[in-house]
1. Kindly provide the set of residues from segment 135-169 that are small (Gly, Ala, Ser), within 36 Å of the chain's Cα centre (by Cα) and over 16 Å from Leu299 (Cβ atoms), ordered by number.
2. Which one is farthest from Ala85 (Cα to Cα) among residues in segment 363-382 that are open to solvent by 10 Å² or more (accessible area, probe 1.4 Å) and polar (S, T, N, Q)?
3. For segment 111-124, state whether one or more residues are open to solvent by less than 10 Å² (accessible area, probe 1.4 Å) and over 24 Å from Pro281 (Cβ atoms).
4. In segment 325-362, what residues are open to solvent by 10 Å² or more (accessible area, probe 1.4 Å) and among the small types (Gly, Ala, Ser)?
5. Considering segment 134-153 alone, what residues qualify as being of a type outside the set (A, V, I, L, M) and in a helix (DSSP H, G or I)?
6. Whether any residue in segment 393-403 is outside any helix (DSSP H, G or I), open to solvent by less than 20 Å² (accessible area, probe 1.4 Å), closer than 30 Å to Met59 by Cα and touching a residue at least 40 places away in the same chain (Cβ under 8 Å) is what I want to check.
7. What are the pairs, 6+ residues apart or on separate chains, where a residue within segment 215-233 that is closer than 28 Å to Leu104 by Cβ and open to solvent by 70 Å² or more (accessible area, probe 1.4 Å) has its Cβ under 6 Å from a residue that is of a type outside the set (Asp, Glu) and at pLDDT 65 or above?
8. Restricting attention to segment 163-183, and to residues there that are under 18 Å from Val232 (Cβ atoms) and part of a loop (DSSP other than H, G, I, E, B), which single residue is most open to solvent (accessible area, probe 1.4 Å)?
Amino acid sequence: MTDMPLLDFADSCWVEKTFQEHQESAANDTAPAPQPLGGSEGRTAGFPISSLGEHGSAMVEALHQKYQAPPALCAQAVLCAMNTAVSSWGQVEAIHGGGMPLSLYLITVAQSGERKTAVDDAAQRGIVVFQRELAENLDAARKAAADQEEAELLPSADIIVNEPTMEGLLRTMSRGPGFTCLSNDDAASFFGGHAMSKEKKQKTTATISQLWSGTRVYSPRADGRDAGVEGVPLSMSLMFQPYLNSQVFGDREMVEQGFLARVLPCYPKSTMGTRFFRECPVEAEERILEFANRVFNTLQEVHAFRQMREAPTDRFAPRQPLLRLSNAARRTLIGFHDEIEAQLAPGGKFEKVRGFAGRSTENATRLAGVVALFDNISAQEVPEDAAISACELMRFYIAEFSNLLSLAKSQKDESAAGELGAWMARQYGAGGLGHDKEISQFGPPAFRKKGDRQEALRVLREHGWIEMLPKGTVVDGAKRAEAFRVSERISEVL
């Protein structure tokens, strides 16, 4: 038998290289894929729909049936319409005495394609029709006015404002029919626009906070058309996409100054991928129309009531009607106040969201007033069931606020980590080795501090972008305390 010839040195190197490449290829095929950065889905456990009262809850169910949008998104749109319909009725009694505006601020975080516009349009149909008919009546009154001066004293019919500057919003509120709704289903243009520019943001958030509290706001203008607003309630509903969350809820100034502490937020889980075609039930269409009619009729009743209202003769008397709390409703809200207050102490459940949780009783009282009046515009006091519903809603909103703050921090951390990960991929390549000292010397300037590097490396490790190697691993000819290997599949997330 003839002996097989031995491989020469070059052949053996080729075999070794080929075997090594095969092993690396096999390892690459079985290596777990790194996970993309950028935040999580909404984690809304379930909006307490029944807490919106008889008519509000029926409308939410109908909207969800027709458009298959997230129920919480539908609920926010419905609550804004309910609030706008009753906001100019007057004020609601606070547990400490006195009154507060029937004014609610809402924020909904939702992806593009969640059918926000369709839901908003359906919820606001009654407001739009009332605004149109009011404009027609005012136009007729202007034509019948005795002179130009009398015509100019008539208000405008503008209620819904979509994308204002603060000056424009205040001018609309000062000239409007006595209430305003700031509604924008793509609020990226608001948060990224002139009103929220670096120079204007503090003034904008302070002004919106004053309007929520019912404080008089005065805005002098160079053209002499000064805008003063007092006693004009503002309903607000802003929707924006998840990528903006870190910019909004990660903004320390907006959180700590108090603007976001007044806003009722939610981030619903998407329904996309489950919205297969189905005919809308006739009952749902009927309920949507019934809701529009109820909003329209409520606006008409409140408008007529305001027209007949006489100014108080006592200069110290309240200038607006007050919706009293029933004894049972007051006990419910006081119990809720004490429940929340106990958790604001150091180590308490709400210690990290004190600003928002500390205002939750005030928001709950407003919610109770809105729910009570929308179900019965002739109500003279807030019933117990409306107060119980409002407290349930606020427990939901506190959880959502905490979630969005946490998510904003996570998104900011992940955004920073993504910058470092992209640099690593360019510097070392897929499967390449690196170490902490090199990042500190040559990496992006944002990671010069060790704490910032450690946090970014933690995020990248958890998402599978890198693998941390044992302490003492030799990289670049020296043992390293913190060395890593870039994922072989890094290109899949870049």
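The values are calculated or read from the model by the stated rules, or taken from the named source; none is laboratory data. In this text, all values refer to a predicted model and were calculated from it rather than measured experimentally. Positions of Cβ are backbone-derived with ideal geometry, glycine not excepted, and every protein chain shown enters the neighbour counts. These accessible areas exclude ligands, DNA and RNA; they are computed on the full protein's heavy atoms, side chains included. Shrake-Rupley method; radii C 1.70, N 1.55, O 1.52, S 1.80 Å.
1. First, pick out the residues of segment 135-169 that are small (Gly, Ala, Ser): 135, 140-141, 144-146, 151, 156-157, 168.
Subsequent filtering for residues that are within 36 Å of the chain's Cα centre (by Cα) retains 135, 156-157, 168.
Residue satisfying the conditions is Gly168 alone.
2. Only one residue fits best here, namely Gln380.
3. no
4. Once the filter is applied, which keeps residues that are open to solvent by 10 Å² or more (accessible area, probe 1.4 Å) and among the small types (Gly, Ala, Ser), segment 325-362 yields Ser326, Ala328, Gly335, Ala342, Ala345, Gly347, Gly348, Gly355, Gly358.
5. As a first pass, look at segment 134-153 and keep what is of a type outside the set (A, V, I, L, M): 136-137, 139, 142-143, 147-150, 152.
Across segment 134-153, the qualifying residues are Glu136, Asn137, Asp139, Arg142, Lys143, Gln148, Glu149, Glu150, Glu152.
6. Applying the first criterion (outside any helix (DSSP H, G or I)) to segment 393-403 yields none.
For segment 393-403, residues outside any helix (DSSP H, G or I), open to solvent by less than 20 Å² (accessible area, probe 1.4 Å), closer than 30 Å to Met59 by Cα and touching a residue at least 40 places away in the same chain (Cβ under 8 Å): absent.
7. As it stands, the answer is Tyr218/Gly228; Glu230/Arg216, since those pairs meet every condition given.
8. Our first condition is that a residue be under 18 Å from Val232 (Cβ atoms); within segment 163-183, this holds for 164-183.
Right, trim to part of a loop (DSSP other than H, G, I, E, B) and you get 164-165, 176-179.
Details: Pro164: 15, Thr165: 54, Gly176: 14, Pro177: 11, Gly178: 11, Phe179: 7 Å².
Selected residue: Thr165.
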